[in-house]
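Below: the structure, in structure tokens.
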Amino acid sequence: MRFKKCGLGVCVFFLICVANANDGAGGVPASTQAKPDQPKPPEIERITAEELKTKIAGKIPVAIIDVRSTNAFIGSDNKIKGAIRVKARRLQSRLAFPPLKDIPRDREVVTYCACPNDETSVRAARVLLAAGFKRVRALKGGWQAWLKVNGQVEQRM
């Protein structure tokens with residue numbers, strides 16, 4: 001009989017914990033709910049590979065930041081000509097050191113990755129905007145799009 005009472009108590013405790021975790025959100029955990037007072041992350045503009053290729057050919061100053069994953073970077077012998085390689089998770093801390101520290105905040109900056117939907121380059125662009133950069137865009141289609149348009153590349157180091 002004691003086992004049944006204990007088992008019932010555990011079930012009730014579990015149900016209370018689940019109810020508190022959901023906090024009346026219809027099954028959505030409280031930590032993932034949109035909060036009305038939280039600002040929506042800025043929409044990141046995109047640049048096509050053709051547009052970037054034209055800018056580079058026209059010698060228009062643009063800083064290019066390669067935030068491909070380590071595996072994608074190592075799996076390729078090249079990078080976009082002039083690109084600065086930075087691990088995405090270290091971008092924020094690397095902004096205080098050259099060469100990122102030396103990029104003027106009003107210079108156009110393009111981030112690129114090898115993700116299917118440019119997720120990493122969009123996240124990197126948000127970090128840069130939050131750090132005061134004014135003109136940041138993500139390369140639409142990333143590394144694969146660059147290769148398709150035969151954009152200039154150089155040996156990665």
*asked:* Multiplying the sequence separation of Leu147 and Gln38 by 0.36 nm and subtracting their Cα-Cα distance, what value in nm do you get?
replied: 35.4 nm
*Give a residue-ordered list of calculated ³J(HN,Hα) values for the range 127-142 (Karplus: 6.51 cos²θ - 1.76 cosθ + 1.60, θ = phi - 60°; whole Hz; x for Gly, Pro).*
4, 5, 4, 5, 8, x, 5, 9, 10, 10, 9, 9, 6, 5, x, x
*Under Stokes-Einstein, with the Kirkwood radius over Cα pairs standing in for Rh, what whole-number D in µm²/s applies to the range 39-99 at 10 °C and 1.306 mPa s?*
116 µm²/s
*Residues with amide H under 5 Å of Arg135's amide H, sequence separation 5 or more or different chain, H placed in the peptide plane at 1.01 Å from N; which?*
Val109
*Can you sort Ser121, Ser69 so the residue with the fewest Cβ neighbours within 10 Å comes first?*
Ser69, Ser121
*Can you run phi through the Karplus equation (6.51, -1.76, 1.60; θ = phi - 60°) for the range 96-109 and list ³J(HN,Hα) in whole Hz, with x for Gly and Pro?*
8, 10, x, x, 5, 4, 8, 6, x, 5, 9, 6, 5, 10
*Over all alpha-carbon pairs of the range 32-145, lay out the pair-distance distribution in 5 Å bins, whole %, shortest bin first.*
2, 11, 23, 24, 19, 12, 4, 2, 1, 0
*Could you tally the net charge around Lys55, taking each other residue with its Cβ under 15 Å from the Cβ of Lys55, Lys/Arg +1 and Asp/Glu -1?*
+4
*Fewest first, what order do Glu50, Glu45 take by the number of other Cβ atoms within 10 Å?*
Glu45, Glu50
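FYI, it's all coordinate maths here, none of it is from the lab. Note that the structure is predicted; figures quoted are calculated from it, not measured. Every residue, glycine as well, gets a Cβ built from its backbone with ideal geometry; the counts of neighbours run over all protein chains shown.
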